[in-house]
Amino acid sequence: MKNNIQDTIVAISSGNVNQAISIIRLSGEDSIEIVKKVFSGKVGKDKTITYGNIIDNITGKIVDEVLVNWFIGNKNYTGENTVEINAHGGIVVTNKILNLLIANGARLANRGEFTRRAFLNGKISLDKAEAINSLIHAKTNKQAEIAISQFNSKDNLIIENLINELLTIISLIEINIDYSDYNDIKEMDANTLTSQLSKFNRKLDSIINKSENACDIYKGINVAIVGRPNTGKSSLLNSLIGSQKAIVTNIPGTTRDVVEGEFQINGFLFNLIDTAGIRQTKDLVESIGIERSKNAIKEAKIVIHMHEPFIKENEEDQIIKELSKGKVYIPVMNKQDLLNKDQYPKNMVLISSKENSLWELKNALVKNYLNIDLDDPQIIFNNRKLSLLKQAKISINTALESLSQGLGPEVVILDINEAWGSLSEILNKKHDNEALLDNIFSKFCLGK
């Protein structure tokens, strides 16, 4: 029985919807032979197109009139024989062709399997594979631009520099341990190591902070709309997304679960969460909704805190403020139309959901993201890379903590090695002692 990687796989690459033209793609060693069983036209040469009919080889009936693209050999996207059938785009006829190819020896592809094969066959890097997926799922122009920018893996250079810097630190520690009798060796004591690791840690902090802010733009910025009941939270969500998604009544406690929606401002995607009003209640269902509201605040990057005119802040408002610490906090006064200009509160964004007067709020939402340079080479958008960078930072923090407790370089080198391993994994590099030895003996003269 063949392994999965040896199977010939097939899928509808153009989406399983009614459209003018659909594409059914096969990839694998037997792609050409399988298509020959059901195709009446000629088998083309590499990168050519031929015309013919798809015929049910059991009933003999014509299924569709098609054009077939032939990609023979390994000089193509997946790095193996690939055939693309361009059919008329009805769901019924497209699926008939798909099922016919499966009946003749192909296997239905798993999600991402064509790109997985491209990676396994050395046609694309893992970074580019992940960037392709991001581009496919982009919802805004900015998200698409960011995805395309990752095709060249420009952020690898900053990781390479971090690896080399850490490697130099490790080398100095090793030399001080193994060659402590030599006078020409630069000393690496606890104070020197603390200074160097602190400087290195600040670099990690800078990269991580920049990357997390930029990733908000890349993935969509989570915004929690919170406040006491009946302050207009649901009306605001409906106004921003341009749809009556949330139920709006004048009865307090209408929203008992989170309601989500999306909208864009100048290419920035915001993920809105309308939450249950926070208040004291004995209603079990409403209480669950309130707990979910508090969780929504924790997960949000921006908190819109809704207020009503002529109503003073109370304990519930203070709870919201406390939960919003560390977030972008935007206090909003709704129902602006009920106020005279001399009654406008200071330090609040004024809106009227009823009159759809939201420009001031929209400006406040994008304000914190306008100055982010998405072309900064120190920004890492890839979740896998950013996660490994954070792991490296945890290891460095542990090393610094150990040094502050009086442990020496010969002990904390274990944590520094872990950080080196995490950074090396970002670039899919082998983490072994060979690179360390190369570094030691190429940079330091030991008189041997």
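Hey, among the residues in the range 399-443 that are under 24 Å from Lys186 (Cα atoms) and of a type in the set (Val, Ile, Thr), which one's modelled with the lowest pLDDT?
The residue in question is Ile440.
Which one of these is under 19 Å from Arg116 (Cβ atoms), in contact (Cβ under 8 Å) with a residue 12 or more places away in the chain and of a type outside the set (S, T, N, Q): Ile24, Ile72, Ile55, Ile85?
Unique residue meeting the criteria: Ile24.
Over 30 Å from Leu162 (Cα atoms) and either open to solvent by 20 Å² or more (accessible area, probe 1.4 Å) or not in a strand (DSSP E or B) (or both) - does that describe any residue in the range 396-413? Full working, then the answer.
Of the residues in the range 396-413, the ones over 30 Å from Leu162 (Cα atoms) are none.
No, the range 396-413 contains no residue that is over 30 Å from Leu162 (Cα atoms) and either open to solvent by 20 Å² or more (accessible area, probe 1.4 Å) or not in a strand (DSSP E or B) (or both).
Could you grab me the full set of residues in the range 318-345 that are at pLDDT below 80 and assigned to a loop (DSSP other than H, G, I, E, B)?
Matches in the range 318-345: Leu339, Tyr344, Pro345.
With respect to Ala109, determine if the residue is hydrophobic (A, V, I, L, M, F, W, C) and without any contact (Cβ under 8 Å) to a residue 40 or more places away in the chain. Before you say what the answer is, go through the steps one by one.
Values: hydrophobic (A, V, I, L, M, F, W, C): yes; without any contact (Cβ under 8 Å) to a residue 40 or more places away in the chain: no.
Judged against the criteria, Ala109 is not a match.
Run down Asn334, Asn340 and say which single residue is more than 30 Å from Glu160 (Cβ to Cβ), open to solvent by less than 10 Å² (accessible area, probe 1.4 Å) and out of contact with any helix residue (DSSP H, G or I) (no Cβ under 6 Å at 6 or more places or on another chain). Talk me through it step by step, then tell me what you get.
Details: Asn340 fails: open to solvent by less than 10 Å² (accessible area, probe 1.4 Å).
On inspection, the qualifying residue turns out to be Asn334.
Condition test on Leu361, is it closer than 20 Å to Asn266 by Cα and either in the same structural domain as Pro229 (by the TED database) or touching a Cys at 6+ places or on another chain (Cβ under 7 Å) (or both)? Let's see the steps before the verdict.
On the way: closer than 20 Å to Asn266 by Cα: yes; either in the same structural domain as Pro229 (by the TED database) or touching a Cys at 6+ places or on another chain (Cβ under 7 Å) (or both): yes.
It is true that Leu361 is closer than 20 Å to Asn266 by Cα and either in the same structural domain as Pro229 (by the TED database) or touching a Cys at 6+ places or on another chain (Cβ under 7 Å) (or both).
Could you tell me which of the residues Asn191, Asn164, Asn141 is modelled with pLDDT of 80 or more and under 30 Å from Gly261 (Cβ atoms)?
Asn141
Exactly one of these conditions fails for Lys210: (1) under 20 Å from the mean Cα position of the chain (by Cα); (2) at pLDDT 90 or above; (3) not aliphatic (A, V, I, L, M). Give me its number.
(2)
Among the residues of the range 221-232, which ones are open to solvent by 10 Å² or more (accessible area, probe 1.4 Å) and within 19 Å of Ile265 (Cα to Cα)?
Of everything in the range 221-232, just one residue is open to solvent by 10 Å² or more (accessible area, probe 1.4 Å) and within 19 Å of Ile265 (Cα to Cα), namely Asn222.
Any idea how many residues of the range 154-172 are out of contact with any Leu (no Cβ under 9 Å at 6 or more places or on another chain) and not charged (D, E, K, R)?
5
Identify all residues within the range 65-94 that are under 14 Å from Ser14 (Cβ atoms) and not small (Gly, Ala, Ser); write none if there are none. Walk me through how you get there before you give the answer.
Step one: of the range 65-94, the residues under 14 Å from Ser14 (Cβ atoms) are 66-67, 69, 84-91, 93-94.
Passing the criteria: Val66, Leu67, Asn69, Glu84, Ile85, Asn86, His88, Ile91, Val93, Thr94.
Run Ser22 past the list (1) under 25 Å from His137 (Cβ atoms); (2) open to solvent by 20 Å² or more (accessible area, probe 1.4 Å) and report the number of the one that doesn't hold.
Looking at each condition in turn, Ser22 falls short on (2).
One line per residue, one yes/no per condition, for (1) part of a strand (DSSP E or B); (2) of a type outside the set (Asp, Glu); (3) more than 17 Å from Asn81 (Cα to Cα):
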| position | (1), (2), (3) |
| --- | --- |
| Ala11 | yes, yes, no |
| Ser14 | no, yes, yes |
| Gln19 | no, yes, yes |
| Ser22 | yes, yes, yes |
| Arg25 | yes, yes, no |
| Ile32 | no, yes, no |
| Val35 | no, yes, no |
| Lys42 | no, yes, no |
| Lys45 | no, yes, no |
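Kindly indicate whether any position in the range 113-122 is closer than 20 Å to Glu418 by Cβ and at pLDDT 80 or above. So that I can check it myself, show each step before the final result.
So the first thing to find is which residues in the range 113-122 are closer than 20 Å to Glu418 by Cβ, and the list is none.
Looking for residues that are closer than 20 Å to Glu418 by Cβ and at pLDDT 80 or above, one finds none in the range 113-122, hence no.
Out of Asn363, Asn371, Asn383, report the one residue that is closer than 19 Å to Lys142 by Cα, modelled with pLDDT of 90 or more and loosely packed, with under 15 Cβ neighbours inside 10 Å.
On the way: Asn371 fails: modelled with pLDDT of 90 or more; Asn383 fails: modelled with pLDDT of 90 or more.
None of the other options fit; the residue is Asn363.
Which of the residues that make up the range 259-291 are in contact with a helix residue (DSSP H, G or I) (Cβ under 7 Å, 6 or more places away or on another chain) and at pLDDT below 60?
Once the filter is applied, which keeps residues that are in contact with a helix residue (DSSP H, G or I) (Cβ under 7 Å, 6 or more places away or on another chain) and at pLDDT below 60, the range 259-291 yields Arg279, Thr281.
The values are calculated or read from the model by the stated rules, or taken from the named source; none is laboratory data. Just so it is clear, the structure is predicted and the values come from calculations on it, not from any experiment. Virtual Cβ from ideal backbone geometry, glycine too; neighbours counted across all protein chains shown. Accessible surface is based on the protein model in full, side chains and every heavy atom, while ligands, DNA and RNA are left aside. Shrake-Rupley method; radii C 1.70, N 1.55, O 1.52, S 1.80 Å.
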